[in-house]
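What follows is a set of notes on a single structure, which appears directly below.
The values are calculated or read from the model by the stated rules, or taken from the named source; none is laboratory data. Every value quoted in this text rests on a predicted model; they were computed, and no experiment measured them. For accessibility, only protein heavy atoms count, side chains too; no ligands or nucleic acids. Shrake-Rupley method; radii C 1.70, N 1.55, O 1.52, S 1.80 Å.
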Amino acid sequence: GAPRPPPDFEAARHGALLRALVDGDAGEVAADEVALLKRTGTWHVVSISGLHVGLAAAFGYFAAWLLTRPFVLLWRSDLYRWIAAAGGLAGAVGYAELADWGVPARRAVWMAGAALAAAAGSRSVDPGKALALSALGVLAVQPSAVGSIGFQLSFAAILGMILVGPRLA
């Protein structure tokens, strides 16, 4: 069939909320929708997070991996892992650009970049080092971010997962 046009968020009943779910721009979401999401503890779904950026990175990685498969059959090289990692980073950066580079998106891009580089280099990922690298990357661009609640919550949440997650498993 013919390709479908992109969704027309403005025509949808909850179009502003749909747009916020895609790109994190919640400026046009109706006050009653905001209140409902906050009351139910689901307001965070409109925040661009590591999940969003990670999915975009995975999509970019997989697309680049697929594109290199015919060449891998002809010529074996570690270069293809790096090309796939670059595709993943392009996906992460592209999505973060779409979401206006909020602190959680920047953190996620740096962490995805560290994970992709480690995977391309056949190394394991140290989550603590990836988090530290992402903090340095975010603060190198915007030192004042350290005082923002978004920075503090984003990094505290990931640090909590790193420290508590293995104990729960």
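Quick notes on this one:
- Helical contribution to [θ] at 222 nm, DSSP H n ≥ 4, -39,500 (n - 2.57), averaged over the chain, rounded to 500: -23000 deg cm²/dmol
- The mean accessible area for residues of the chain, using a 1.4 Å probe and ignoring ligands and nucleic acids, is 63 Å² per residue.
- The chain, accessible surface, carbon-and-sulfur percent (1.4 angstrom probe): 69 percent
- With θ taken as phi - 60° and the Karplus curve 6.51 cos²θ - 1.76 cosθ + 1.60 applied, the whole-hertz 3J(HN,Hα) list for the stretch 116-132 is 5, 5, 5, 5, 5, x, 6, 10, 7, 9, 9, x, x, 5, 5, 5, 5 Hz, x standing for glycine and proline.
- Phe59 accessible area, 1.4 Å probe, all protein chains in place, Å² to nearest 10: 150 Å²
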